[in-house]
Each structure stands twice: as C-alpha cells, then as structure tokens.
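Please read the structure below before turning to the comments.
Derivation of every value follows stated rules applied to the coordinates shown; laboratory data play no part. A quick note: this is a predicted structure, and the numbers were derived from the prediction, not measured. Glycine gets a Cβ as well: all are built from the backbone with ideal geometry, and neighbour counts include every protein chain shown.
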Amino acid sequence: MELSDRKKQILKAIIGDYIRTAEPVGSKALTAGHDLPFSSATIRNEMSELEDLGYLEKPHTSAGRIPSPQGYRLYVDELMARPEELPDGDDLPLQKMMQLKVKELDRLIQEAGRLISNLTDYASVAITPAMTQTAIRQFEIIAVDRMSFVIVVVTESGAVKNKMVRTMAEVTKDEAELLTYVLNQTLTGLPLSHITTERFDIVRRAAGLTALLAPVAEYIAELIEELGNQKVYLEGASKLLRFPEYRDPQKALALLDYLDDDAHLLPVARTFDGVQIFIGPENGANPMSETSTIYAKYNIGTIGQGAIGIVGPTRMDYAALSARLSRFAKGLNKLIAETFLDEKE
C-alpha cells in the first residue's frame with residue numbers, strides 16, 4: 001500500500017524525533033515540536049494507521065510510538081535527506097588516513113576501521129577482500145643451512161609472507177638459486193587462482209629434482225588458501241554499550257559475543273555498489289536483528305572488493321552516517337590506488 005504524503009510527513013517527523021531522543025514519540029510532541037499542518041486528532045489517527053500498517057510500534061509501557069524496521073526502511077529509501085556536504089572537521093580523520101604509510105593491506109584496512117569508529121562513535125567492521133586475484137610479485141629462498149630454508153613471498157598488495165621449512169635431504173646453493181629463478185619466471189604476475197597443479201608442473205620440470213620442491217609447493221598451497229580467506233576487523237564494539245538500547249546486560253552481552261565471531265560478519269560482503277544499509281531483521285535472525293549496519297565497498301582494482309561499515313542501534317542518523325561512510329570509502333579507495341596499484345593523480 002502506497003502511503004499518503006501526510007502519513008509520510010508524520011512518519012518522517014517521528015523517526016527524526018526518535019533518532020534524536022531515543023524516547024517513544026507521542027502526538028503531543030509532534031504537534032509541539034514540528035510545523036505540521038495537521039490537527040492533533042488527525043496526527044493520532046494517522047499514527048494509529050501507521051502502526052496497523054507495520055511502520056510504527058507501540059512499546060507496552062508507553063503511550064508513544066517508535067519506528068519499526070519497516071518504517072526505517074521506508075525512511076531510508078524515500079524520506080531521509082541525503083546531504084551532499086559533510087560538517088566541518090570531517091576531513092581531518094580522512095587526511096590522517098591519507099597520510100598513513102602502511103605497506104600491508106591488512107594493516108591499512110584495520111586502521112581504516114579504527115578511524116571510522118572514532119569518526120562516527122559507532123562500532124566498525126572492516127572486511128578485507130578475498131585476495132585470490134592478487135599476484136605474487138617476488139619469490140626468495142634464503143638458506144639457513146643445507147637442509148633449512150626460509151621461503152619469502154611478496155604479493156602485489158604489499159604483503160610479505162615467509163615460512164621456515166626443512167628439507168628431507170640436502171639442497172645445494174645452485175639448486176636453491178635455480179628454483180628461485182624458475183619460481184620468479186613462472187609464477188609471478190599471475191593471479192593466485194591461476195597457480196594450478198598444472199602450472200606448478202612447469203616449475204617442477206624446469207627446476208629439476210630437488211628436495212625443496214615439495215615444501216615450496218606445500219607453502220604456496222597454504223598461501224593461496226590464506227589469502228583467499230577474508231579477514232574481519234571489529235573496532236569499538238564497547239561503544240555500543242553507550243546507547244540506551246543496550247542497557248540490558250544480557251542483550252548487550254549476546255550482541256558482543258555474536259560480533260566477536262568473524263563468520264557472523266562476513267555475509268555482508270555480498271554484491272552491492274556504493275553504500276548499503278541493513279536494518280534490523282535484514283541482518284538475519286540473530287542478536288543483530290535489532291541493530292542496523294551501514295556498509296560501503298572499497299575496491300582494489302581488478303583484485304576485488306572489501307567492505308567497511310558501522311554497527312549500531314536502528315535509531316541511527318542514516319543520512320549523516322551514510323554520507324560520512326561514503327566519503328570515507330572514497331578516500332580509502334584513493335589511498336589503496338596510490339599505495340598498492342601505483343596510481344597517482
């Protein structure tokens with residue numbers, strides 16, 4: 001059912017008041033606090049109909065009403081203002097982010113999550129992309145002795161990975177140098193997903209028989225699995241306890257315990273463009289069903305996408321927060337491009 005303009009005006013006013021006060025909103029407050037061209041009786045009738053339609057809820061202990069998830073969804077989709085300019089001072093943490101001299105993508109994403117939590121005063125979630133499309137920039141095999149070696153791998157995203165391995169038989173310096181050369185000639189510059197068994201067979205034939213082949217192959221397989229897994233960084237979870245919605249210790253503990261499991265946050269990395277808002281039950285039938293999350297995607301060129309977002313009560317200032325998050329994600333995209341993709345303005 002399409003709501004009338006009058007109902008939409010009243011719903012927008014109720015949501016605005018509830019976001020600001022966290023208290024149920026009654027018809028008297030609407031009449032006194034807003035320049036609505038309707039009588040008190042009309043407002044009461046419209047509020048009752050909005051409740052019947054599922055856009056408002058009435059707490060048992062209050063004569064006022066609060067928005068339902070359905071009401072928030074209509075507000076986000078149709079009613080809220082979408083500011084183009086951010087308040088003065090919002091650029092400061094963004095400038096700080098741009099000045100970070102972080103050469104590892106995971107650290108950069110974690111720091112970005114910390115900054116957005118400080119900027120918004122909400123809990124933040126930063127999700128790294130699955131790096132199966134990243135490529136290895138360089139291999140290095142460093143001999144510790146004739147049976148112990150350190151395998152060093154540098155990816156194009158700046159990650160430096162290494163592992164100490166021990167061979168079953170002695171390996172000469174020439175064998176180690178030849179295998180290093182073959183790895184760099186054969187496997188660098190390829191997306192990790194393209195390093196298949198058939199591709200490694202080329203390495204095996206070119207490098208000849210060496211006791212280093214097995215541990216190197218095993219480590220590359222481990223690395224592909226590790227980089228293919230997305231990481232989740234949760235920052236500022238304790239900030240949720242400041243909101244009146246989480247004064248109930250059991251409710252707050254259930255939410256914090258749920259957020260502490262990375263697997264519960266990964267499904268948000270679904271396909272969407274720009275900024276996406278998930279309200280209440282849209283987050284799933286779990287302790288997050290009474291929260292809202294706002295996510296923005298960031299890009300790493302052709303390598304893939306990650307997400308950065310905030311978590312809080314459904315009583316959010318969606319317009320201001322989505323604008324801040326969108327601008328922050330654009331700054332993160334710029335920093336990633338300049339740091340890892342060698343793209344300069």
- Query: According to the square roots a ≥ b ≥ c of the eigenvalues of the Cα gyration tensor, what is the shape class of the range 2-46, taking rounded for a/c under 1.5, prolate for a/b larger than b/c otherwise, and oblate for the remainder?
  - Reply: oblate
- Output the relative contact order of the chain, whole-number percent, from Cα pairs under 8 angstrom with separation of 6+ residues. 19 percent
- Message: How many angstrom lie between the Cα centre of the range 127-170 and the Cα centre of the range 303-331?
- Response: 35 Å
- Arrange the peptides 311-318, 9-16, 220-227 so that the one whose residues have, on average, the most other Cβ atoms within 10 Å appears first. 9-16, 311-318, 220-227
- Residue-averaged 222 nm ellipticity for the chain, from DSSP H runs of 4+ at -39500 (n - 2.57), nearest 500: -13000 deg cm²/dmol
- Task: Kindly provide the Kirkwood hydrodynamic radius of the chain in Å, to one decimal, from all pairs of distinct alpha carbon atoms.
- Result: 23.3 Å
- Message: Just to be sure I understand the model, the point goes 7 Å from the Cα along the line to the Cβ. What's the resulting ASN286 to ARG242 distance in nm?
- Response: 2.5 nm
- Quote the FRET efficiency, to the nearest 0.05, computed for ASN184 versus ASN118 with a Förster distance R0 of 41 Å and r equal to the Cβ-Cβ distance. 0.50
- Go ahead and run the numbers for FRET between SER193 and ASN299, Cβ-Cβ distance against an R0 of 22 Å, rounding to 0.05. 0.75
- Task: For the chain, with a Gaussian network of springs between Cα atoms less than 10 Å apart, report the residue from LEU190, LEU119, LEU56 with the top mean-square fluctuation.
- Result: LEU190
- Rotationally averaged projected area of the range 5-79 (alpha carbon convex hull; nm²): 4.5 nm²
- If the chain between MET168 and GLU225 were fully stretched, how many nm would it gain, using 0.36 nm times the residue separation less the Cα-Cα distance? 18.1 nm
